[in-house]
1. In region 23-35, which residues are under 15 Å from the mean Cα position of the chain (by Cα) and either in a helix (DSSP H, G or I) or loosely packed, with under 15 Cβ neighbours inside 10 Å (or both)?
2. For region 154-170, indicate whether the set of residues that are touching a residue at least 12 places away in the same chain (Cβ under 8 Å) and over 17 Å from residue 22 (Cα atoms) is non-empty.
3. For the list (1) modelled with pLDDT of 95 or more; (2) in contact with a strand residue (DSSP E or B) (Cβ under 8 Å, 6 or more places away or on another chain); (3) more than 25 Å from residue 41 (Cα to Cα), I need the number of the one condition that residue 169 fails.
4. Only one residue in 38, 17 is in a loop (DSSP other than H, G, I, E, B) and either closer than 30 Å to residue 151 by Cα or touching a helix residue (DSSP H, G or I) at 6+ places or on another chain (Cβ under 9 Å) (or both). Which one?
5. Among the residues of region 133-149, how many are under 22 Å from residue 119 (Cβ atoms) and modelled with pLDDT of 95 or more?
6. Taking region 1-10, which residues are under 20 Å from residue 154 (Cα atoms) and either free of Cβ contacts under 8 Å to residues at least 60 places away in the same chain or part of a loop (DSSP other than H, G, I, E, B) (or both)?
7. Under 7 Å by Cβ, and 6 or more places apart or on different chains, what pairs join a residue from region 13-39 that is closer than 18 Å to residue 140 by Cβ with one that is part of a loop (DSSP other than H, G, I, E, B) and modelled with pLDDT under 95?
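The values are calculated or read from the model by the stated rules, or taken from the named source; none is laboratory data. Owing to the predicted nature of the structure, the values given are computational and were not obtained by experimental measurement. No Cβ is skipped: glycine too gets one built from the backbone with ideal geometry, and neighbour counts run over all protein chains shown.
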């Protein structure tokens, strides 16, 4: 199974990246940092076709499992991640063949904040987007960083999520 972490953070080497590295230690997967791409906002006239989104989404559509990692910014996903999700609309209008490739694939999401408590409703956009695209949403976890690294509790949450939700997909 081909897997990828898609990180959407304004800080490529920040707290969310600590969680990405923790996941990568546990499972073999590729890594995409949305900050390294020029992805413009959704435009009903599709004037931004020349940015990095279309080649990037075509690359991502080849994966079987997509793990979206985002910091919690003002109780929601990061702006970079939201822009990326908004642009998936391109796959419903002008890149329909690419959009169809997501059917039957797997999605999970991970948030990283400064507090232990997850924001109510945070993962709804991920879950509903997966449903809309015909994907199987396998779950989500909220993580946090204290003192510049994941503590034992966060490490346990990540490892449990991998054991219960990701590793069983090997045979899927």
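1. From region 23-35, those under 15 Å from the mean Cα position of the chain (by Cα) are 23-24, 29-35; that's our starting set.
23, 24, 30, 34, 35 - these are the residues of region 23-35 that are under 15 Å from the mean Cα position of the chain (by Cα) and either in a helix (DSSP H, G or I) or loosely packed, with under 15 Cβ neighbours inside 10 Å (or both).
2. Yes, because at least one residue in region 154-170 is touching a residue at least 12 places away in the same chain (Cβ under 8 Å) and over 17 Å from residue 22 (Cα atoms).
3. (1)
4. Details: 17 fails: in a loop (DSSP other than H, G, I, E, B).
Only one candidate qualifies: 38.
5. Matching residues across region 133-149 total 8.
6. Selection gives 8, 9.
7. 15/145; 18/145; 18/150; 19/150; 22/150
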